[in-house]
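Peer 1: Take this structure, written in structure tokens, and hold onto it; I'll ask about it next.
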Amino acid sequence: MKSISKKMPKSDDISIKLLLIEDSENDALILIYHLKKEGINVEYERVYSEVTVREALKNKKWDIVISDYAMPGFDGGEALKIFKEMDIEIPFIMISGTIGEDVAVQTMRNGAHDYLMKDNLTRLVPAIKRELIEAKNRRDKKKNLAELIIAKERAEESDRLKSSFLATMSHELRTPLNSIIGFAELIANDIFSYEDVVENSKLIYQSGHHLLALINDMFDFSLIESGELKINKTEISINKILDKLEIDFGRDNKVRTGVIKLIFEKDFEYGKDELYTDNIKFRQVLSNLIGNALKFTEKGLVKVGYKAIKDDAGNNFIEFFVKDSGIGIPENMQDVIFERFRQVEETHTRRFGGAGLGLSISKRIIEFLGGKNRVESQVGKGSTFYFTLPFDRESIKEVPEIKFVADKKLYNWSEKKILVVEDVDSNYKLVEMMLRKTNAKVIRAVNGIEAIEKCKSDKELDLVIMDIRLPDLSGYDATKRIKEMCPDFPVLAQTSYALSGDREISLQAGCDDYIPKPLDKSLFLSKINALLKKKNTQ
């Protein structure tokens, strides 16, 4: 490509890449000189046959094309046909020394943007500038139209997914609520045997946990979307977590009855299985994958395990896997299942429940933790989900093996007096019943002001269980006032504020510990016991 940059200075200098279709070198030089004189920087290539025109269009990008009309063996009309055939949108200006007006009109109809005579090039520079502007406008219009089409398609897909999601959530929320409300009504209004009451209570408990899992997914999704998901890394034992998951998922009906064989494979010895990551988020991801594997497997095998690997840069990772012999995932769905609101089955005839958030949340969590996700699957043969987490071998510490056992500890707080600050009757009743077998004396305050007065007047109090959202004075403010009077008096926050950061807010307000609702009875009693012991040692 030739370049001519010397020119007479102009206030509106422009630079162009010009494809010049011209058989006469002298005519080409005259045209280029005219452009230079008018202040245009020109990089150009001269071609004059079908082969060279096609080659130039294939290998380079051009701002404008100027073509002679009549050339030996090839003419501008044939050049126009090549442009139309190749669907190339470049401003095309035809020039000629002899052609009349009728041919010029036909040439414009065939796609040329302008037509000039060689003996009068005064219109050339204005025509070039005009065509460059119009070409940019056409490109911008085409780009904007393409973007609008993409935006429209995305909006339609988003609306479809949201509609599907809302329908699914309505179903998923109403299903456990139906069991909770229905069985609770039966227990309250009908006469049942003790065994029936126990069985119905278990079903209410299971449905409640299913409902809680859905709510937690919604909160996690909201935090991820807003970029507010907090990661708290600590050293964890992989094997101990797998042991606990084996116990938890061993209660699944398919596993318990032997329909599915659940296998856990541990690659490291106890004491050499330390991993620096977020304990809760890691459990959440692994639990989600195991739960999915059990849900989508009618019978056969679910295997959970891990191994050490290196990436291409030599960095150490642990690769975890959950393998099942379930329904499998079609190839065209193996990427989209990690998107929000997406599932393998998205119709009203789905056999399997779920809101379509679990895998999306898991994928984003693993990315937050520095790892990656992937899946291998065949329809009818099962799936294997993989995820990696960074692993620093040098940080491994010796840790003792710990076996997980059910917490059957009994507490005797017959000499203790506990104030429960709770404005909702049913929530107070639940706490009171959880404490009943401990023999503790339980009294109640229904708001923050009453709680302060009881702490001021009752010197026998040993502990306050403080709700946070109260009708007159918040639990945070009530705790601050109580701590001003009695700095060493233990306060346990129990609240429905269960997002990341709420625990820290409670502790900053002066609470000694925090537990979110719904209450886990074992954890609740354990925290109370620890605070009572702490008070006795002060």
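The values are calculated or read from the model by the stated rules, or taken from the named source; none is laboratory data. Computed from a prediction, not measured in an experiment: that's the story for all the values here. Every residue, glycine among them, receives a Cβ derived from its backbone with ideal geometry; neighbour counts consider all protein chains shown. All accessible areas refer to the heavy atoms of the entire protein, side chains included, with ligands and DNA or RNA removed. Shrake-Rupley method; radii C 1.70, N 1.55, O 1.52, S 1.80 Å.
Peer 1: Tell me which residues, restricted to segment 247-262, are surrounded by fewer than 17 Cβ atoms within 10 Å (Cβ to Cβ) and touching a Leu at 6+ places or on another chain (Cβ under 7 Å).
Peer 2: Of the residues in segment 247-262, the ones surrounded by fewer than 17 Cβ atoms within 10 Å (Cβ to Cβ) are 247-248, 250-251, 253, 255-259, 261.
Passing the criteria: GLY250, VAL255, LYS261.
Peer 1: Looking at GLU55 and the list (1) open to solvent by less than 80 Å² (accessible area, probe 1.4 Å); (2) under 49 Å from the mean Cα position of the chain (by Cα), which single condition is not satisfied?
Peer 2: All conditions pass for GLU55, except number (1).
Peer 1: Return the residues of segment 215-244 that are modelled with pLDDT under 85, part of a helix (DSSP H, G or I), surrounded by 18 or more Cβ atoms within 10 Å (Cβ to Cβ) and hydrophobic (A, V, I, L, M, F, W, C); say none if nothing qualifies.
Peer 2: Across segment 215-244, the qualifying residues are PHE221, ILE224.
Peer 1: Mind checking which pairs have a first residue in segment 479-490 that is of a type in the set (D, E, K, R) and a second that is outside any loop (DSSP other than H, G, I, E, B) and open to solvent by 30 Å² or more (accessible area, probe 1.4 Å), Cβ under 8 Å, 6 or more apart or different chains?
Peer 2: Cβ pairs passing all conditions: ASP488/LYS535.
Peer 1: Taking only segment 86-102 into account, find how many residues are open to solvent by less than 40 Å² (accessible area, probe 1.4 Å) and either in a loop (DSSP other than H, G, I, E, B) or not small (Gly, Ala, Ser) (or both). Working first, answer last.
Peer 2: Here is the first cut: in segment 86-102, the ones open to solvent by less than 40 Å² (accessible area, probe 1.4 Å) are 90-96, 99-100.
From what's left, either in a loop (DSSP other than H, G, I, E, B) or not small (Gly, Ala, Ser) (or both): 90-95, 99-100.
Total satisfying the criteria: 8.
Peer 1: Another question about this same structure. Could you say whether any residue in segment 507-525 is of a type in the set (D, E, K, R), part of a helix (DSSP H, G or I) and at pLDDT 90 or above? Outline the logic, then answer.
Peer 2: Step one: list which residues in segment 507-525 are of a type in the set (D, E, K, R), which gives 512-513, 517, 520-521.
The next check asks that each one be part of a helix (DSSP H, G or I); those that pass are 521.
Still in the list and also at pLDDT 90 or above: none.
Among the residues of segment 507-525, not one is of a type in the set (D, E, K, R), part of a helix (DSSP H, G or I) and at pLDDT 90 or above, which makes the answer no.
Peer 1: Another question, if that's okay. Residues of segment 272-290 being surrounded by 21 or more Cβ atoms within 10 Å (Cβ to Cβ) and of a type in the set (Phe, Trp, Tyr), which ones?
Peer 2: PHE282
Every residue, every condition in (1) crowded, with 19+ Cβ neighbours inside 10 Å; (2) at pLDDT 95 or above; (3) under 39 Å from the mean Cα position of the chain (by Cα); (4) over 14 Å from CYS511 (Cα atoms), yes or no:
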| residue | (1), (2), (3), (4) |
| --- | --- |
| LYS459 | no, no, no, yes |
| LEU470 | yes, no, yes, yes |
| THR479 | yes, no, yes, no |
| PRO487 | no, no, no, no |
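Peer 1: For segment 97-106, state whether one or more residues are in contact with a Gly (Cβ under 6 Å, 6 or more places away or on another chain) and within 22 Å of LYS129 (Cβ to Cβ).
Peer 2: Checked segment 97-106: no residue is in contact with a Gly (Cβ under 6 Å, 6 or more places away or on another chain) and within 22 Å of LYS129 (Cβ to Cβ).
Peer 1: What are the pairs with Cβ atoms under 7 angstrom where one residue, in segment 115-129, is open to solvent by 80 Å² or more (accessible area, probe 1.4 Å) and the other, located anywhere, is modelled with pLDDT under 85 and of a type outside the set (A, V, I, L, M)? Sequence gap at least six, or different chains.
Peer 2: ASP119/GLY97
Peer 1: While we're here: If I go through segment 1-31 residue by residue, how many of them are more than 22 Å from GLY77 (Cα to Cα) and modelled with pLDDT of 85 or more? Before you say what the answer is, go through the steps one by one.
Peer 2: Just the residues of segment 1-31 that are more than 22 Å from GLY77 (Cα to Cα), to begin with: 1-16, 29-30.
Among the residues that remain, those that are also modelled with pLDDT of 85 or more are: 15-16, 29-30.
Going through segment 1-31 one residue at a time, the tally reaches 4.
Here's the yes/no breakdown for (1) crowded, with 20+ Cβ neighbours inside 10 Å; (2) in contact with a helix residue (DSSP H, G or I) (Cβ under 7 Å, 6 or more places away or on another chain):
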position	(1), (2)
ILE465	yes, yes
GLN508	no, no
PRO518	no, yes
ASN529	no, no
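Peer 1: Taking segment 15-44, which residues are touching a Ser or Thr at 6+ places or on another chain (Cβ under 9 Å), surrounded by 15 or more Cβ atoms within 10 Å (Cβ to Cβ), more than 16 Å from GLY97 (Cα to Cα) and not aromatic (Phe, Trp, Tyr)?
Peer 2: LEU19, LYS36, GLY39, ILE40, ASN41, VAL42, GLU43
Peer 1: In addition: Consider ASN536 carefully, then state whether it is outside any loop (DSSP other than H, G, I, E, B), of a type outside the set (A, V, I, L, M, F, W, C), out of contact with any helix residue (DSSP H, G or I) (no Cβ under 8 Å at 6 or more places or on another chain) and open to solvent by less than 30 Å² (accessible area, probe 1.4 Å). I'd like the intermediate steps shown before the answer.
Peer 2: Details: outside any loop (DSSP other than H, G, I, E, B): yes; of a type outside the set (A, V, I, L, M, F, W, C): yes; out of contact with any helix residue (DSSP H, G or I) (no Cβ under 8 Å at 6 or more places or on another chain): yes; open to solvent by less than 30 Å² (accessible area, probe 1.4 Å): no.
Criteria not met by ASN536.
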